[in-house]
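Heads up: the structure comes next, in structure tokens.
The values are calculated or read from the model by the stated rules, or taken from the named source; none is laboratory data. All figures in this text were calculated on a predicted structure; none of them were measured in a lab. Virtual Cβ from ideal backbone geometry, glycine too; neighbours counted across all protein chains shown. The area values use the complete protein model at the heavy-atom level, side chains included, leaving out ligands, DNA and RNA. Shrake-Rupley method; radii C 1.70, N 1.55, O 1.52, S 1.80 Å.
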Amino acid sequence: QVQLEEAGGGLVQPGGSLQLSCVSSGDTFGIVLRAWYRQAPGKQRELVAAISSGRSTSYADSVKGRFTIAKDNARRTLYLQMNSLKPEDTSVYYCTHRLRSQDYWGSGTQVTVSS
């Protein structure tokens, strides 16, 4: 079992920045993939960014060049640095970890980009 807790969401003006964090606990040995998803009201959940155990990263086209995913294994923390935020980035952001073919999810953190 893996428990995940996100933090760092909030209200930010367009063009601003936020850093999300996701702390994991429990049986975390062997996690092969960590990722951030987001879901806006009335829309499907979409992949934002992912990072493998080998630190390979991938991003949705809509966030490339603006968002950066990173992990700190010692702190068991996954990060998402979000810069140049746009109103369309407004969503609930979820972190997920994959361990032994099972995906674990946090409860999400709200990000609102508005003036």
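Under a 1.4 Å probe, what is the accessible area of the chain per residue, stated in Å²?
54
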Subject >> Total formal charge among the other residues, if their Cβ is under 15 angstrom from that of Gly30, Lys/Arg +1 and Asp/Glu -1 >> reply: +3
Subject >> Bridge type composition, the chain - antiparallel percent by DSSP, nearest 5 >> reply: 95
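What does the charge count near Ser53 come to, summing +1 for each Lys or Arg and -1 for each Asp or Glu among other residues with Cβ under 12 Å from its Cβ?
On the way: positive: Arg34, Arg55, Lys71, Arg98; negative: none.
That sum, taken over residues with Cβ under 12 Å, equals +4.
Express the carbon and sulfur contribution to the solvent-accessible surface of the chain as a percent, rounded to the nearest whole number, probe 1.4 angstrom.
Details: 2860 of 6190 Å².
Here it works out to 46 percent.
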**OP:** Sum up the charges of everything whose Cβ sits under 11 Å from the Cβ of Leu99, counting Lys and Arg as +1 and Asp and Glu as -1, but leave Leu99 out.
**Re:** +1
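Starting from the Cα-Cα distance between Val32 and Asn83, subtract it from 0.36 nm times their residue separation and give me the gain in nm to one decimal.
Numbers: separation 51, 0.36 × 51 = 18.36 nm, distance 2.64 nm.
Fully extending the segment from Val32 to Asn83 adds 15.7 nm.
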